[in-house]
Amino acid sequence: MSHEQFLNLENILFTITMFLYLFSMIGYVFFFALKKEMAGKLAGYAALAGFILHTAALIVRGIGAGRLPMTNQYEFATSFAWGICLCFLVFLWKYKFRALGTFVMPVIFIIIGYAAMQSREVRDLMPALRSNWLAIHVSSAIVSYGAFGVSFAVSLMYLIRTRMAKDSFWDEHIPDQKKLDMISYRAVSLGFLFLTFVIVTGAIWAERAWGSYWSWDPKETWSLITWIIYAIYLHLRISRGWKDKNAAVFAVVGFICVIFTYIGVNTWLPGIHSYA
């Protein structure tokens, strides 16, 4: 297959993926709002099918571009959505509560929708990106952001759960507040571990590419701010037993910082990371 054929195939897979994620999101809304068990099951199958095709789209994109698909706004946005879906499916498999999809799938759909609005043109890598550190640094960011996305969704569930009347359907499909708090904590811990790795590998890469470990670029600065927010969350939780509502609010604020670090910084605060 030619370069153009690979990219056309990737475009088809990406489009089908978007529709599957949209179907999944709508299915989960019906499940949550109308308590339709079958809608939740179909939504889960659609999310899994979308993830499989999403993975295929990224692979095809990589083959067509002749490099890892992680170097511009479109590629990182679609990889960001893929990372959240991966973490969502892992947590869904582990904890087995469908209602999580009601809060995660809209986030995935919004991010992949943002990706669809970006240029899909394949360009040659700038010299700074021609490094083996690219795969390590960016893939770590994708897992980190994905885990934070799950913690955001679980924390929203926690905050809503506190206001929901007792109901046998929700008792079956939504864990109690203590378990939701624990799941959010585990997701934050996973995301924080990988975010730390992102910052460390980024510093090493920056020194080799530009001769400086840290240059206070807007992306670096906001990544550090995000890291500090989650570090405070973990410190308060471990040292002072900080849990429940305050922890949930903190996790929501942390993910807002993650979104700003990716979209806001690239849009309003250009710097040496503007290519991503």
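Evaluate E = 1/(1 + (r/R0)^6) for ARG208 and ILE228, where r is the Cβ-Cβ distance and R0 equals 30 Å; express this FRET efficiency to the nearest 0.05.
0.75
Compute the normalised compactness of segment 125-276: alpha-carbon radius of gyration over 2.2 N^0.38 Å, N being the residue count.
1.19
In a GNM of the chain with a 10 Å cut-off on Cα contacts, which of ASP167, ASP124, ASP181 has the highest mean-square fluctuation?
Among ASP167, ASP124, ASP181, the largest GNM mean-square fluctuation belongs to ASP167.
Gaussian network model of the chain, Cα springs within a sub-10 Å range: biggest mean-square fluctuation belongs to which of LEU159, LEU20, LEU34?
Among LEU159, LEU20, LEU34, the largest GNM mean-square fluctuation belongs to LEU34.
Considering the options LEU89, LEU7, SER155, tell which one lies farthest towards the positive end of the dipole of the chain, charges being +1 on Lys and Arg and -1 on Asp and Glu at the Cβ, about the Cα centre.
Among LEU89, LEU7, SER155, the one farthest towards the positive end of the dipole of the chain is SER155.
If you put +1 on each Lys and Arg Cβ and -1 on each Asp and Glu Cβ, how big is the dipole of the chain around its Cα centre, in Debye rounded to 20?
For this selection, approximately 740 debye.
Picking from CYS257, ILE174, GLY241, whose Cα lies most toward the positive end of the charge dipole for segment 125-276 (charges on Cβ: Lys, Arg +1; Asp, Glu -1)?
Of the options given, the answer is GLY241.
Suppose a student asked you for the relative contact order of the chain, using Cα pairs under 8 Å spaced at least 6 residues apart; what percent would you report?
Relative contact order for the chain comes out at 18 percent.
Run the helix sum for the chain: -39,500 (n - 2.57) per DSSP H stretch of 4+ residues, divided by residue count, reported at 222 nm to the nearest 500 deg cm²/dmol.
Using -39500 (n - 2.57) per qualifying helix, the result is -27000 deg cm²/dmol.
If you average 1/r across every pair of different Cα atoms in the chain and take the reciprocal, what Kirkwood value do you get, in Å?
Numbers: mean 1/r = 0.0516 Å⁻¹.
This gives a value of 19.4 Å.
Determine the relative contact order of segment 1-136: mean sequence separation of Cα pairs under 8 Å and six or more apart, normalised by residue count, in whole percent.
Normalised by residue count, the contact order of segment 1-136 is 29 percent.
Please work out the Cα center distance from segment 188-233 to segment 146-175, rounded to the nearest Å.
Answer, in whole Å: 30.
For segment 1-90, what percent of Cα pairs sit more than 20 Å apart? Write down the numbers at each step before the final one.
On the way: 1548 of 4005 pairs.
Taking all Cα-Cα pairs of segment 1-90, the fraction more than 20 Å apart is 39 percent.
Which FRET efficiency value, to the nearest 0.05, is calculated for ASN11 and SER168 with the Förster distance at 41 angstrom and r the Cβ-Cβ distance? Mind dumping the intermediate values first?
Numbers: r = 45 Å, r/R0 = 1.11.
Once rounded, the FRET efficiency stands at 0.35.
Out of HIS173, HIS235, HIS54, any idea which swings most in a Gaussian network model of the chain, alpha carbons joined below 10 Å?
Per the Cα network of the chain with a 10 Å cutoff, HIS235 tops the list.
Bear in mind these aren't lab numbers, they're just calculated from the coordinates by the rules spelled out. These numbers were taken from a predicted model, which means no experiment stands behind them. With ideal geometry, Cβ positions are generated from the backbone for all residues, glycine too; neighbour counts draw on all protein chains shown.
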